[in-house]
1. Can you list the residues, at least 5 places off or on another chain, whose amide H is less than 5 Å from the amide H of residue 111, using H built in the peptide plane?
2. Return 136, 61, 128 ranked ascending by Cβ neighbour count within 10 Å, so the fewest neighbours appear first.
3. Where does each of 32, 99 land when they are ranked from fewest to most other beta-carbon atoms within 10 angstrom?
4. What is the set of long-range amide H partners of residue 65 at a cut-off below 5 Å, with H atoms built 1.01 Å from backbone N?
5. Among 106, 59, 15, determine the one that fluctuates most according to a GNM of the chain built with springs between C-alpha atoms less than 10 Å apart.
6. Show the residues, 5+ positions off or on another chain, whose built amide H is closer than 5 Å to the amide H of residue 121.
7. Where does the charge balance sit around residue 82 when Lys and Arg score +1, Asp and Glu -1, over other residues with C-beta under 13 Å from its C-beta?
8. Could you state the angle between the C-alpha long axis of helix 47-61 and the longest principal axis of the C-alpha atoms of the chain, as a value from 0 to 90 degrees rounded to the nearest 10?
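Derivation of every value follows stated rules applied to the coordinates shown; laboratory data play no part. What you are looking at is a predicted structure, and each value in this text was computed from that prediction instead of being measured. Here the Cβ is made from the backbone with ideal geometry for all residues, glycine too, and neighbour counts use every protein chain on show.
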Amino acid sequence: MQFTFNEGHIQLPSQWQDQSMQVLVSTDNSGINLVITREAVPQGTLTPELYQETLALYQGKLDGYTEHACREITLAEAPAWLLDYSWNGPEDEGNQGRIDQIAVFQRRGDTLLTFTFSTSLSLKNSQKTMLLEVIKSFTPLPPENDIQKDQPR
C-alpha cells in the first residue's frame with residue numbers, strides 16, 4: 001500500500017490500514033480547526049448504508065445534539081454527505097461549552113474520508129459558506145494503481 005503525505009510517500013505492507021488524522025488550525029482567532037480522518041469501510045458495506053450508519057453515530061451519541069443541516073452534496077464529482085450540527089462539548093475546568101461542527105463524509109473506494117470543521121464559537125453563515133468552499137476544493141489523488149503506472153521503473 002502506498003501512503004502519501006505532504007512530504008512524500010512510503011510503501012507499506014498490504015495488511016496495513018490507513019487510519020491517519022490530520023489537524024489544521026486557523027490562526028485568525030476564530031477558534032476553527034479542520035480534522036481530516038480516514039476509516040476503513042468493512043467489505044460488502046453498501047454506500048447508502050455506510051452514510052446512514054455514520055450519520056446515526058453523530059445524531060445519537062453527542063450530548064445536547066442539535067442538527068442545523070443534513071444533506072447530500074457533490075464533492076470532487078461524487079456524492080458526499082454534509083452534517084452541520086452543534087453539541088455540548090466536554091467539561092473543561094467545570095465549564096461545558098457548545099461546539100459547532102460541520103462534517104462532510106465521502107466514501108473513496110474502501111475508505112470513508114471525513115472532513116470536520118470545529119469551533120467553540122458560534123459559526124456565522126458566512127463562515128459556514130467559506131468552510132464549505134474549502135472542503136469543495138478537495139481534489140482526490142489518482143488511485144494508487146494509476147500512480148504506480150506513472151512512476152519510472
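1. 41
2. 61, 136, 128
3. With the sparsest Cβ surroundings first, the list reads 99, 32.
4. 88
5. Greatest mean-square fluctuation among the candidates belongs to 15.
6. Long-range HN contacts for residue 121: 100.
7. Details: positive: 71, 128, 136; negative: 67, 72, 84, 133.
Overall, the nearby charge balance is -1.
8. Tilt relative to the chain: about 30 degrees.
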